[in-house]
Amino acid sequence: MKTSKKSVTDIRFVCRGTFVHSTAEEALQILEDALLGVDSKGKIAFIGEGTDLQRLSESFGFSSSAVTQLGQHEFFMPGMIDTHIHAPQYSYTGTALDMPLLQWLNTYTFPVESRFQDLEFAKKVYTQVVKRTLRNGTTTACYFATIHTDASLLLGQIANDFGQRALVGKVCMDRNDSVKHYKESSEESQEETYRFIKELLNKKYPLVKPVVTPRFAPSCTEALLAKLGEMAKNNKLHIQSHISENLEEVEWVKELFPNSESYTDIYHKCNLLTDKTIMAHGCHLSDEELVLFRKTGAALSHCPNSNISLCSGVLNVRNVLNHKVKLGLGTDVAGGYSPSILDAVRRALDSSKVLTIQDPEHKTLSFEEVFRLATLGGSQALSLDERTGNFQVGKDFDALRVNVAAPGGPIDLIQNEKPQILLEKFLNLGDDRNIVEVFVAGKKVVPFSEP
């Protein structure tokens, strides 16, 4: 248990009960009868033992009678992190899962995304996706928007208004022959991306930042990719894209970029592989490509629902972890039909078991390991782990208050269970009914107070 050295701190609130989180050393660490204090800036001021209440209250100047006590079947866990989600595609989530990736993009995705020049439509969809993901416990989301700058800025505003931590990307694509009216010229893409970055940064939102977003190599010329890499470097920005999602796509990339050694090499040559890069999928990356990810500090977003729903492939997470590549979970709405990271946890476990069925020597992921991917792993993948991802003094308090026995909820408890069992039940059976409160940077954002 740790306390900060500074004893003169303005404490906003203190909670007592069970806290579960991950550390670099432990996939699951359980703190029973713990005290956690959050300061006026929304940061964790101290973590101590419940039996130390008197000393801590005197040291940090809070009243012991004002401490929030968690119930018997409650615990706090870090907020979940969605490292890859397409906000505009939320408008058709749960449908259109009958085609492989490239045909799916042309038939469903591009026509829908082209509608987001209509700001009223964009506002309706973006408000719904931010509220839904927050209710589902997503305190941090890395969003793809569309090619439309003003609608993308609107997504940033809505995330800020509801208090969600977010990276928002205006999509860049100067190659798209399937939907003629849904692409930009290279010059337009560069100019509008620059405008998007400048205007979003000028808003000075505390938790919402821009991310440079080439859709994926096939929809961008090499010249545009290089300019985007330069833009990200000059502004020290995050980068997101897709890589090696399905085999047809991988072959297409070889045809479009014959002088590149691999899919990964294309991004690397254009300065798009950095320690602030998150690439979705990676189902078919070679070990050599994973070595390059590790070398550059780039991360992968594991999107198991989408990988299965579009029949794209099964990512060998164990192999990625063995290569020491940063890895988080993504819903990949709407290729993934669920906007909940709880679903991503379950699909990640299922996918790992499929690999074990195919190869009994494969070491199946444990629920504790996937819990870490959903929280601390996601913050590491997005290079936000200095601010969020677990309960560490000095980090922002991004947290979920979970009641496994919530009235009318989906979980029946037959007997008193230890915290590890309660967490496992929540990850496998729980939903938003079990998430009583959501905090981002110390502010309660669920239940909602409408902006």
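Roughly speaking, what is the stretch gain from residue 121 to residue 412, that is 0.36 nm per residue apart minus the C-alpha to C-alpha distance, in nm to one decimal?
Extra length from residue 121 to residue 412 when fully extended: 100.8 nm.
Can you give the direction-averaged projected area of the convex hull of the alpha-carbon atoms in the range 7-73, in nm²?
One quarter of the hull surface, i.e. the mean projection, equals 5.0 nm².
Pull up the cross-link candidates among the lysines for residue 183, meaning alpha carbon to alpha carbon under 19 Å and not fewer than 8 places away within one chain.
170, 227
Given a 1.4 Å probe and every protein chain left where it sits, what share in percent of the accessible area of the range 80-381 is carbon and sulfur?
Reported share for carbon and sulfur atoms: 50 percent.
Out of the trypsin sites (Lys or Arg not before Pro) in the range 198-255, which ones are loop residues according to DSSP with at most 13 other C-beta atoms within 10 Å?
Answer by residue number: 204, 236.
Among 141, 178, 202, pick out the residue whose Cα is farthest towards the positive end of the charge dipole of the range 80-381, where Lys and Arg carry +1 and Asp and Glu carry -1 on C-beta, about the Cα centre.
Projecting each Cα onto the dipole axis, the largest value belongs to 202.
Out of the chymotrypsin sites (Phe, Trp or Tyr not before Pro) in the range 92-155, which ones are loop residues according to DSSP with at most 16 other C-beta atoms within 10 Å?
Here no chymotrypsin sites (Phe, Trp or Tyr not before Pro) fit, given the DSSP loop and packing criteria.
Report the extension gain between residue 185 and residue 223 in nm, rounded to one decimal, defined as 0.36 nm multiplied by the number of residues separating them, less their alpha carbon distance.
Stretched out fully, the residue 185 to residue 223 stretch lengthens by 12.5 nm.
Let me see the P(r) profile for the range 200-302: every Cα-Cα distance counted, bins of 10 Å, each bin given as a percent of all pairs.
Histogram of Cα-Cα distances, whole percents per bin: 15, 50, 27, 7, 1.
Less than 28 Å apart at the alpha-carbon level, and either on another chain or at least 8 residues along: which lysines does that give for residue 425?
Within reach: 131, 326, 353, 363, 395, 443, 444.
For the chain, what relative contact order do you get, as a whole percent, if you take Cα pairs closer than 8 Å and at least 6 residues apart?
Across the chain, relative contact order equals 19 percent.
By how many nm would the segment from residue 92 to residue 361 grow when fully extended, if each residue of separation counts as 0.36 nm and the alpha-carbon distance is taken off?
Taking residue 92 through residue 361 to full extension adds about 92.9 nm, to one decimal.
Ordered by residue, what ³J(HN,Hα) values in Hz, to whole numbers, does the range 194-211 give under the Karplus form 6.51 cos²θ - 1.76 cosθ + 1.60, where θ = phi - 60° and Gly and Pro are x?
4, 5, 4, 4, 4, 5, 5, 5, 5, 5, 6, 5, x, 10, 10, 10, x, 9
How large is the Rg to Rh ratio of the chain when both quantities use alpha carbon positions and Rh follows Kirkwood?
Ratio of gyration radius to Kirkwood radius: 0.97.
Pull up the DSSP beta bridges for the range 1-154 and report the antiparallel fraction as a percent, rounded to 5.
If we restrict to bridges inside the range 1-154, about 65 percent are antiparallel.
Whole number in Å², please: accessible area per residue of the chain, 1.4 Å probe, ligands, DNA and RNA not counted.
Averaged over the residues of the chain, the accessible area is 40 Å².
The values are calculated or read from the model by the stated rules, or taken from the named source; none is laboratory data. Computed from a predicted structure; not experimentally measured. When we count neighbours, we look across all protein chains shown, and the Cβ atoms used for this are built from the backbone with ideal geometry, even at glycine. Just the protein is used for accessible areas: all its heavy atoms, side chains included, with ligands, DNA and RNA removed. Shrake-Rupley method; radii C 1.70, N 1.55, O 1.52, S 1.80 Å.
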